[in-house]
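First up is the structure itself, then whatever we jot down about it.
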Amino acid sequence: MRGDLCDGIVTIKIEKGNKKPISFNQKSGFGKLSEEMLELSLIEATYLMENNRIDIYENDEKCEIAYIWELLKNENIYGKYIVYRDLKDRGYIIKTGFKYGSEFRLYERGGGPGQGHSDYLVKVLYETHDVKVLDFSSYIRVAHGVNKKLLLAVVDNDLDITYYNVEWTRP
């Protein structure tokens with residue numbers, strides 16, 4: 001299936017007889033669906049490309065996976081992609097968490113938007129970056145305020161991920 005890359009968004013046209021884009025969204029939680037197309041983030045599209053489910057084209061030229069990885073690195077979202085891929089491979093439904101100041105909302109296996117609320121907010125941090133205490137506190141406060149658990153995904157220099165479940169407690 002073909003996806004067209006433009007301005008960091010990959011779109012797949014919905015054509016008669018081809019229900020795959022609809023299934024990607026409704027069954028697997030990928031992207032944003034409209035009547036004419038499925039819009040995927042570059043992270044979602046890269047995951048589908050790596051799993052041989054779509055081909056990505058830019059200006060009518062088929063992109064190689066190495067090129068897409070370079071785009072992720074240039075946008076400083078490769079670490080986020082590594083976390084996304086790991087969680088998706090574990091069977092979670094993942095949606096954007098921008099509304100909550102995090103990278104992702106995470107739904108338990110078998111759940112998803114329209115079937116209940118997300119269980120976790122996922123914040124991606126890098127081992128080599130400093131985190132201000134006030135920022136860290138705000139991550140926890142927001143998660144607690146919207147009745148979700150905070151999952152910190154810390155990516156190290158070897159691109160290994162360590163997850164921390166952080167909870168708010170009252171002293």
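The values are calculated or read from the model by the stated rules, or taken from the named source; none is laboratory data. Predicted model, so just to flag it, every value in this text is computed and none were measured. Heads up, the Cβs are rebuilt from the backbone with ideal geometry, glycines too, and the neighbour counts pull from every protein chain shown. What goes into the accessible areas is simple: the full protein's heavy atoms, side chains included, and nothing from ligands, DNA or RNA. Shrake-Rupley method; radii C 1.70, N 1.55, O 1.52, S 1.80 Å.
Within region 1-46, can you find the residues that are assigned to a helix (DSSP H, G or I), among the polar types (S, T, N, Q) and farther than 19 Å from Leu87 by Cβ?
Answer for region 1-46, where residues must be assigned to a helix (DSSP H, G or I), among the polar types (S, T, N, Q) and farther than 19 Å from Leu87 by Cβ: Ser23, Gln26.
Residue check: is Asn25 of a type outside the set (Asp, Glu) and out of contact with any strand residue (DSSP E or B) (no Cβ under 8 Å at 6 or more places or on another chain)?
no
Conditions tested, residue by residue: (1) open to solvent by 50 Å² or more (accessible area, probe 1.4 Å); (2) hydroxyl-bearing (Ser, Thr, Tyr); (3) not in a helix (DSSP H, G or I).
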| site | (1), (2), (3) |
| --- | --- |
| Ile82 | no, no, no |
| Lys88 | no, no, no |
| Gly91 | no, no, yes |
| Ile94 | no, no, yes |
| Leu121 | no, no, yes |
| Val131 | yes, no, yes |
| Tyr139 | no, yes, no |
| His144 | yes, no, no |
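Mind checking which pairs have a first residue in region 6-28 that is within 19 Å of Lys62 (Cβ to Cβ) and a second that is assigned to a helix (DSSP H, G or I), Cβ under 6 Å, 6 or more apart or different chains?
Once the first residue is within 19 Å of Lys62 (Cβ to Cβ) and sits in region 6-28, its partners that are assigned to a helix (DSSP H, G or I) give Gly8/Leu42; Val10/Ala45; Ile12/Pro21.
Keeping to region 15-32, report how many residues are over 14 Å from Lys88 (Cβ atoms) and buried (at least 16 other Cβ atoms within 10 Å of the Cβ).
The total comes to 2.
Just to be sure before I move on: is Tyr67 out of contact with any Cys (no Cβ under 6 Å at 6 or more places or on another chain), open to solvent by 40 Å² or more (accessible area, probe 1.4 Å) and assigned to a strand (DSSP E or B) in the structure I sent?
Taking the combined requirement at face value, the residue does not satisfy it.
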